[in-house]
1. I want to check the label-to-label distance for F376 and K260. Put each point 7 Å from Cα in the C-beta direction and report it in nm to one decimal.
2. Out of residues 5 or more away from A19 or on other chains, whose amide H comes under 5 Å of its own, with H placed 1.01 Å from N in the peptide plane?
3. Of all GluC sites (Glu not before Pro) in segment 65-130, which ones are in loop regions per DSSP and have a Cβ with at most 12 other Cβ atoms within 10 Å?
4. If you plug each phi of segment 336-350 into the Karplus form 6.51 cos²θ - 1.76 cosθ + 1.60 with θ = phi - 60°, what whole-Hz ³J(HN,Hα) values come out, in order, with x for Gly and Pro?
5. Please give the calculated 222 nm ellipticity per residue for the chain, where each DSSP H segment of at least 4 residues contributes -39500 (n - 2.57) and the sum is spread over every residue; nearest 500 deg cm²/dmol?
6. Considering only C-alpha atoms, what is the centroid distance from segment 20-84 to segment 260-290, in Å?
7. Could you work out the relative contact order of the chain? I mean the mean sequence separation of Cα pairs under 8 Å and 6+ apart, divided by the number of residues, in percent.
8. For the chain, with a Gaussian network of springs between Cα atoms less than 10 Å apart, report the residue from A247, A393, A40 with the top mean-square fluctuation.
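What follows is calculated from the coordinates using simple rules that are stated; it is not laboratory data. Predicted model only: the values in this text are computed from it and were never measured. Here the Cβ positions follow ideal geometry from the backbone for every residue, glycine too, while neighbour counts run over all protein chains shown.
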Amino acid sequence: MDILKNIRETALTHPKRCAVRSREQSLTYEELEEYSNRLAVWIAKNSQDRKRPVIVYGHKNPYMVVCFLACAKAGRGYVPQDICIPVSRVDETVLSVEPELTFVVEGDYQTETGRVIGKDEIEEIIKQETKETDMLQPLNKDEVWYIIFTSGSTGKPKGVEITRDCLSHYLDWSVQLGSTMKEKSGAHFMNQAPFSFDLSVMDLYTSLVCGGTLYTMDKKMQSDYSEMLGFLEQSEIEIWVSTPSFADMCLADRNFCGEKIKALKLFLFCGEVLTTATVEKLKERFPKAVIINTYGPTESTVAVTDVTITEKLLQETIARGKSLPVGHEKPGTYIEIWDKAGKALPEGEQGEIVIIGDTVSSGYYKRADLTKKAFFHCIRDGKVYRGYKTGDAGYLKAGQLYYNGR
């Protein structure tokens, strides 16, 4: 999947189509393409170290996306930081990254490390037309597209590096989840998770490469049921991406149903356990919608398995008193269950879930020690892949993966 090419083509064929819309602002594909080009040229001229990531700080403003794409076009990885993250933790991340540039799209974050560019300055930069895009050297397939900092079990942030190739392979799969890529063209996607949480990659980039429209929900809206439900209805959301717990919160209101939110036809869940109780309620409220459960840690680029929760599967799972499966692995991925000695276990036996494939992270930013512990290289079907030991417990049955916690 050529991410930048797909966005550029939509900007040419559907220039006035809305690409990203927040509560207060929206950008068309034409604007997204032009603004990110202009900012990319500025980044290339104002930063020297291609390997040093750019911090992008904010919340749900569409200019966050402009910054992300500009970084990729300028050959720089980016580190998203949400305004809801404690300042002390953002400071820790900045200290680790030592950025030359920090874009502050929302909020008033300040740092003495590198140069801080606020929203007003960003707007000035993107107003300036440029004919210097030929100078740009976008990220190559092995370079880091983004770094998501996770707290991990120690509480100390770890930067998970996701390369352009990892993201591209992930999107080859995600655009087909629940419907075809063609059917997703022009569709309205919901963004619930902050951009600093890798679940947002599922809605943001799947929407952009399909030529969809991403509707972002800020934290304030998510805490106001009335406003949120009005937003879902008025924006005609078709593709829902969230954690299961967020859906549970919405289900507490009887107005969260297909009669009110008529366009909604696909639920994509990741990041938490999806329970049979949640699925039962969703099927009752949205009988025509497709519900898909996925699984994958940040280290494997959002998710690597999927399963459609049909009525038959739901009832069989309830009858057995078991948890729902998280599905089959995507193409280019191998799921194995290992014992403590690193030996693959037969089907049905529980052990550690190990992910091998073309979306496994290149490792932890500046943490060779942690990378060596969790990641490895191996050969499967004659090809060298990266592998990741998840620390999650699970087992395989009839080709389906079942997740049993940490």
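1. For the pair F376/K260, the computed spacing is 5.0 nm.
2. Those lying under 5 Å, H to H, from A19 are L27, T28, Y29.
3. Here the GluC sites (Glu not before Pro) that fit, given the DSSP loop and packing criteria, are E112, E129.
4. For segment 336-350, the Karplus curve yields 10, 10, 10, 8, 5, 8, x, 9, 5, 9, x, 4, x, 8, 7 Hz.
5. Helix contribution divided over all residues of the chain: -9500 deg cm²/dmol.
6. 32 Å
7. 12 percent
8. A393
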